[in-house]
Number of protein chains: 2
Amino acid sequence: MAFSFNLDARDTHTAARAGTIATRAGKVLTPAFMPVGTAGSVKTLSPDELRDAGCDILLANTYHLSLRPGVDTVRRMGGLHEFMRWPGTILTDSGGFQVMSLSPLRRITEDGVEFRSHLDGSRAMLTPEEAIRIQDGLGTDIAMSLDELVEAQAPPEAVRTAVDRTVRWAARGLAERGRLRDAGLGSMALFGINQGGTDAIERGRCFERLAELPFDGYALGGLWVGEGRRLGLDMVEHDSRLFPADRPRYLMGVGHPMDVIDAVARGVDLFDCVLPTRNARRGTVFISTGRLVVKNAAYAHDARPLDPECDCYTCRRFSRAYLRHLFAAGELLGMRLASIHAVHHMVRLTRDARAAILAGRYATFRDQTWNRYHSGDTLVPTPGGVPEPS
Amino acid sequence: MAFSFNLDARDTHTAARAGTIATRAGKVLTPAFMPVGTAGSVKTLSPDELRDAGCDILLANTYHLSLRPGVDTVRRMGGLHEFMRWPGTILTDSGGFQVMSLSPLRRITEDGVEFRSHLDGSRAMLTPEEAIRIQDGLGTDIAMSLDELVEAQAPPEAVRTAVDRTVRWAARGLAERGRLRDAGLGSMALFGINQGGTDAIERGRCFERLAELPFDGYALGGLWVGEGRRLGLDMVEHDSRLFPADRPRYLMGVGHPMDVIDAVARGVDLFDCVLPTRNARRGTVFISTGRLVVKNAAYAHDARPLDPECDCYTCRRFSRAYLRHLFAAGELLGMRLASIHAVHHMVRLTRDARAAILAGRYATFRDQTWNRYHSGDTLVPTPGGVPEPS
């Protein structure tokens, strides 16, 4: 099947790795950040803008796409790549997280999750097998197993139950992919998801059993849900030590630049998060030197680009003053230009991380990036612009 | 001053003309359609997308820009071209139309129009002189005189009063530009606006006096405000016969493709309208063969582009099915892709018109374009897509 992962390099002083994932849709250099294309588009952006930003993989939401336009439509239009005209790699989630967070009703049984569509209220059932069939129907390159999520403060008993069920569901999903392959379908890769909340013993117990299943990669689930950054990073370190070196590791839902930097140091290869692009649509972007609230009136006359160190389309062409105006006027172009920067910034961050790993100097890169991010340089508005004639 | 108009060709059997306007910002081939960049952006589109669509001139709204971000900000940022990074020609309106249509209060006196900002309710006064100073402050290439508008069904006395005031205001605006030029400013071109509603005698009387003023071009005002297409075109024919051949003629607010085609035949050079792009943002586009409501569910499996005869970015890359999905899902990318087509379609229409005029066959072009538009070809949804494996 058309999936491979090559470990290109390990860093000297940290657990950071550089790798290459190959799928039917091409190569993905890791570490990699995946922008989120919830409903078949990374909000406001065209596929060419994603490519121009250096992006070679994106995430699409199975729950949203299966409700609208529906798997049948996507399949009839030639699959998700052809439908949205994205030639790169696509990873889809299982739909489980969205069912749990968006459905007005969700009831978990051993069979699966019963839920109501947040769009029309219709009832449906998402089983581990159905999650695999839907993702295959969408034409994804990398599918995720359906897992059972627990809340950050769930009692130990609930965590244990969820771990056991996650493992059983993982096996069922894998078996379903086997059946699809027997039928000439299911060529996608499939990742298992490790659970256990912030209980290292449970996470270890979960992975012990997942490791027996021939997944193409493994995800770190149930983290960054309110447990705190320190504890989250501890769990990342713990999981990564258990995960096999020859499979990609995906930390789900993580996307703050500094979290990415620290998780890469612990051995993570893949990330996804709506944070950078959602922030951007609200007028806030991450830049090399911190968090820039460009919609603030203070930037009304700031002639500098969002990030003077960035070479994205937006930063090459437009001023903070113009973006500030676009946000003040409610112009959609503002969301777009900020989103272009947001994706480019995250992709460049992971590309720079990769270069540092290949050079065996990731620890230095991490420290410098961290210090630069907390420097706040260029965040103070300047009354720039073209001087008035005196 | 950096403004010229060259009459490149006259059509053989109609009054259609092909010309070239040259401004500080470059050349504008006419007939030309100007997309509307109300608040400093043609909604959802980047300046590069406008260029790619073949656009060389756009219109910006003086009223909106003077309220937000304000003339001072635009001037400090180097003028509107630099602020929005649009290298082509910019024509600004006088602000009068928006004052009349958007302000919760407007009182017309001989001095000017008193109004309240629709944003913060603050009172302000727009005089003919101020309209010129604001447009010069924005850094426009072509400014418009402040005129007094009358409603479609205004009584004759009101029309006469408005005509008289429009002429006095035109003279005051021209004098103000003279003062600006004495001060080393005001290098922009200035167009006068003909009024008189649908009363040919009043329009003739208005133009008789405007013609005495050395405007760089003339606009047809007060049309397409509810008087009906037939009567509007009669007034276009009437005005165009009076207007001097060596100045550009601009029909304000007209943008339905078939109206543009018919007005070009009567001698108009310039058009602007929000209709194509506003429609596009709502999921309806003009294509060669009619009006396509792409947001309709009927297009959910239509694999064809919006317009199979169009070579815009959107039509080269995306299906109706995908656009339909984006509109159904409320994805901003849908508005964007439809807007790209909308601008491209209007620009191409006027470019094709120009080619026909240069070839002396505009009447044929008009008839063919009209017939094609009313053919409805390709508007019927097809259940396209990739065939299901049987």
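The values are calculated or read from the model by the stated rules, or taken from the named source; none is laboratory data. Just so you know, these numbers come straight off a predicted model, no measurement behind them. Note that each Cβ is placed from the backbone with ideal geometry, even for glycine, and that neighbours are counted across all protein chains shown. All accessible areas refer to the heavy atoms of the entire protein, side chains included, with ligands and DNA or RNA removed. Shrake-Rupley method; radii C 1.70, N 1.55, O 1.52, S 1.80 Å.
Observations on the structure shown:
- Axis-nearest residue in chain A [Cβ, rotation onto B], distance in whole Å: A:Leu332, 3
- Inter-copy separations for B:Asp311, label at 7 Å along Cα-Cβ, nm, ascending: 3.2
- Residue-averaged beta-carbon neighbours from other chains (10 angstrom radius) around A:324-335: 6
- The range B:105-149 shape via C-alpha gyration tensor axes, a/c threshold 1.5: oblate
- Accessible surface of chain A [probe 1.4 Å, protein heavy atoms]: carbon and sulfur percent: 51
- Average beta carbon contacts from partner chains per residue of A:38-48, 10 Å cutoff: 5
- Projected onto their three principal axes, the Cα atoms of the protein assembly as shown cover extents of 92, 65, 43 Å, largest first.
- For B:Asp234 and B:Leu379, the FRET efficiency from 1/(1 + (r/R0)^6), where r spans their Cβ atoms and R0 equals 30 Å, is about 0.45.
- Beta bridges per DSSP, both residues in the range B:87-153: antiparallel share near 90 percent.
- Total buried accessible area between B and A, probe 1.4 Å, nearest 100: 4000 Å².
- Relative contact order (%) - the range B:77-195, alpha-carbon pairs under 8 angstrom, separation at least six: 25
- Listed peptides B:143-153, A:102-112, B:263-273 appear in the order B:263-273, B:143-153, A:102-112 once ranked by packing, highest mean of other Cβ atoms within 10 Å at the front.
- Compactness of the range B:1-102, expressed as Rg and Dmax over alpha-carbon positions, Å: 15.2, 50
- Residue by residue along B:65-73, Cβ atoms of other protein chains within 10 Å of the local Cβ number 3 on average.
- Normalised contact order of the range A:162-224, rounded percent, pairs of Cα under 8 Å and 6 or more residues apart: 39
- Ranked packing of B:321-334, A:362-375, A:336-349, most packed first, by mean Cβ within 10 Å: A:336-349, B:321-334, A:362-375
- A cut-off of 5 Å between modelled amide H atoms, ignoring neighbours fewer than 5 places along the same chain, links A:Asp302 with A:Ala321, A:Gly384.
- Antiparallel DSSP beta bridges within the protein assembly as shown, as percent of all bridges there, nearest 5: 50
- Lys pairs under 24 Å by Cα in the protein assembly as shown, provided they are eight or more residues apart or on distinct chains: 7
- Surface per residue (accessible, 1.4 Å probe) for chain B, Å²: 36
- Principal-axis tilt of helix A:332-358 within chain A, Cα atoms, nearest 10 degrees: 70
- Report note on the peptides B:34-46, A:208-220: ranked by the mean count of other C-beta atoms within 10 Å, highest first, their order is B:34-46, A:208-220.
- Under 11 Å, Cβ to Cβ, from A:Cys312 - net charge with Lys/Arg +1 and Asp/Glu -1: -2
- Cα centroids of the range A:298-335 and the range A:218-266: 33 Å apart.
- In Hz, Karplus ³J(HN,Hα) per residue of the range B:179-194 (6.51, -1.76, 1.60; θ = phi - 60°; x = Gly, Pro): 5, 4, 5, 4, 8, x, 10, x, 6, 5, 6, 9, 9, x, 10, 7
- Counted charge near B:His81, where neighbours are those whose Cβ lies closer than 11 Å (Asp, Glu -1; Lys, Arg +1): 0
- For A:Glu208, inter-copy label distances in nm, listed shortest first [label point 7 Å out on the Cα-Cβ vector]: 10.3
- Fully extended contour minus Cα-Cα distance, from A:Arg241 to A:Arg10, at 0.36 nm per residue: 81.8 nm
- Residues of the range A:76-105 buried by at least 40 Å² of accessible area upon assembly of all protein chains, compared with the chain on its own (1.4 Å probe): A:Arg76, A:Met77, A:Phe83, A:Arg85.
- Whole-Å distance, taken between Cα centres, linking the range B:122-194 and the range B:68-92: 20
- Net charge of neighbours whose Cβ lies under 10 Å from the Cβ of B:Thr92, counting Lys and Arg as +1 and Asp and Glu as -1: -3
- Relative contact order of the range A:1-159, taken over Cα pairs closer than 8 Å and 6 or more residues apart, is 18 percent.
- Karplus-derived HN-Hα couplings along the range B:53-61 (A = 6.51, B = -1.76, C = 1.60, θ = phi - 60°), whole Hz, x at Gly and Pro: 7, x, 6, 10, 8, 9, 9, 10, 8
- Of all beta bridges that DSSP places with both ends in the range A:1-112, some 65 percent have antiparallel geometry.
- Sequence-ordered 3J(HN,Hα) estimates for the range B:128-138 from the Karplus curve with 6.51, -1.76 and 1.60 and θ = phi - 60° stand at x, 6, 4, 4, 6, 5, 4, 5, 5, x, 6 Hz, glycine and proline given as x.
- Alpha carbon centroid spacing (whole Å) that separates the range A:6-29 from the range B:1-56: 51
- The range B:91-182: C-alpha gyration tensor shape, a/c 1.5 cut-off, then a/b vs b/c: oblate
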